[in-house]
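Novice: Handing you this structure, nothing more for now.
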Amino acid sequence: MTDSPRRAEISGGGFAGLTAATALAQMGWRVRVHERAAELRAEGAGIVLWNNSLQVLDRIGATPDLDSRSMTPPAYETRMNNVIQSQETLDGIRWRTMTRPHLHQSLLTAARESGVEIVANSEVTGATAEGVVSFADGTTAEAELVVGADGVGSAVRDSLGIPLKRERSRDGITRFLVPRRKAELTALEPDTEWDNVIDFWNLEPRVLRVLYTPANDEELYIALMSPAADAAGSRVPIDLELWTSVFPQLAPVLQDAAGIQGRYYGYQTTRLDHWTEGRVALIGDAAHAMCPALAQGAGTAMQNAWTLAVKATEALAAGDDLPTALRDWERLERPVTDLAQNRSQWYADTREMAKGNQFVGESVETALYNPTDPHRHEVHAA
Ligand code: FAD
Ligand code: 3HM
């Protein structure tokens, strides 16, 4: 080993890339993040995180900032035709809701404070198993570790020719961030706890769902789900008359959503043959994009970012072969991500969430996982 810091080049400044960058920098690496976009910011609306990623945020020091503008709702409520099926208080399970821009900003702050170099307008075109990254401007860079955290369309992954399978589900969702309007909602339905997450399902006569997720005191994340085959249900901007006719109690916030263009996102799952190739490791949507049913895409991205940083750091400190260590990392960490991916796809395909009690048994295993616990694999090995 030399005394000079090890170098990591990371493609993508999303939740996965920024988490990996921060963790590696804090573990002594010299880290550069390349973001294709001109600005580092998160698109989209709201997000739910669970214990698995919240533990990582603790470890990289991002929790106080994150907590300043996020919340844990009193319960996760499921309704079918406006009849309550369950109110899960999720006792003992750590979870939090927030906006995407806030999570991204918290990660960006942690990355900058940890000395990560962040380069905007820097498009990665590919990487080799030997650790050479190439950029759209024709330049290259070499590193001990290359992280492909460049999302579902990952250029790093595609340049390596890793075989993948993509499956589309029949439903999809349009997401909005709107004002809470708690007083107006309470006026319409006084007995409702409007701080809850409320998953409003309608299956008959038409499949339409609104997932209502308070993100903080002022902002509300609402996601409107319909089958892709339903032209009016999946239209953007939304068909206000249709949605308010089915969900009249949400009229004030649907009205706000109707003023936003929105983008309908069809559920899909991407499975890779393998996540690593030589010195390159893929994390987040680049490796395991999933349906959002269990709200674990970003959570598993951050979890895998952390465990990758730990594994690579330990391997180099011990003088072990890095490609072997990366394969070992995938073998150990992949099952709990596969579980979330499979379960989310199953929920998306069957719409079983509409029955309530969504977060029990296998559906909560990934949420409960603690990627920072050094003994986490011993239970399974025993
Ligand atoms: P991305 O967020 O896609 O980030 C990739 C970054 O790489 C981007 O900044 C992009 O600009 C950049 N990039 C791309 N290509 C290049 C390149 N060639 N060179 C340089 N930079 C590049 N997850 C949860 O945990 N909880 C939830 O509640 C949740 N809800 C969801 C709801 C919906 C409807 C959807 C669709 C997803 C949801 N997810 C949720 C999943 C979550 O959004 C993703 O899993 C997560 O954003 C993946 O993060 P990432 O960093 O891997 O990828
Ligand atoms: C948080 C969350 N949960 C579920 C879905 C879904 O089933 O589409 C989306 C979400 O953002």
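The values are calculated or read from the model by the stated rules, or taken from the named source; none is laboratory data. What you see is a predicted model; the values in this text were computed from it and never measured. When we count neighbours, we look across all protein chains shown, and the Cβ atoms used for this are built from the backbone with ideal geometry, even at glycine. Surface accessibility is based on the protein's heavy atoms, side chains included, excluding ligands, DNA and RNA. Shrake-Rupley method; radii C 1.70, N 1.55, O 1.52, S 1.80 Å.
Novice: Please go through segment 263-290 and pick out each residue that is farther than 21 Å from Glu142 by Cβ, away from ligand 2 (no atom under 16 Å from the Cβ) and part of a helix (DSSP H, G or I).
Specialist: Ala287, His288
Novice: From Ala45, Ala25, Ala20, Ala38, which residue is among the aliphatic types (A, V, I, L, M) and either within 16 Å of ligand 2 (Cβ to nearest atom) or in contact with a Lys or Arg (Cβ under 8 Å, 6 or more places away or on another chain) (or both)?
Specialist: Numbers: Ala25 fails: either within 16 Å of ligand 2 (Cβ to nearest atom) or in contact with a Lys or Arg (Cβ under 8 Å, 6 or more places away or on another chain) (or both); Ala20 fails: either within 16 Å of ligand 2 (Cβ to nearest atom) or in contact with a Lys or Arg (Cβ under 8 Å, 6 or more places away or on another chain) (or both); Ala38 fails: either within 16 Å of ligand 2 (Cβ to nearest atom) or in contact with a Lys or Arg (Cβ under 8 Å, 6 or more places away or on another chain) (or both).
None of the others qualify; the one that does is Ala45.
Novice: Identify the residue in segment 277-310 that is away from ligand 1 (no atom under 12 Å from the Cβ) and out of contact with any strand residue (DSSP E or B) (no Cβ under 7 Å at 6 or more places or on another chain) and, among all such residues, is most open to solvent (accessible area, probe 1.4 Å).
Specialist: Glu277
Novice: Only residues that are under 30 Å from Asp217 (Cβ atoms) and either outside any strand (DSSP E or B) or open to solvent by less than 60 Å² (accessible area, probe 1.4 Å) (or both): list them for segment 156-178, please.
Specialist: Gly172, Ile173, Thr174, Phe176, Leu177, Val178
Novice: Return yes when Leu177 is within 16 Å of ligand 2 (Cβ to nearest atom) and out of contact with any Pro (no Cβ under 7 Å at 6 or more places or on another chain) and no when it is not.
Specialist: Here the answer is yes, as Leu177 does meet what is asked.
Novice: For segment 35-42, does any single residue satisfy the condition of being at pLDDT 95 or above, in contact with a strand residue (DSSP E or B) (Cβ under 8 Å, 6 or more places away or on another chain) and more than 21 Å from Ala315 (Cβ to Cβ)?
Specialist: Within segment 35-42, one or more residues are at pLDDT 95 or above, in contact with a strand residue (DSSP E or B) (Cβ under 8 Å, 6 or more places away or on another chain) and more than 21 Å from Ala315 (Cβ to Cβ).
Novice: So, one more: If we scan segment 222-233, do we find a residue that is open to solvent by 20 Å² or more (accessible area, probe 1.4 Å), more than 22 Å from Arg96 (Cα to Cα), touching a residue at least 12 places away in the same chain (Cβ under 8 Å) and touching a Phe, Trp or Tyr at 6+ places or on another chain (Cβ under 7 Å)?
Specialist: no
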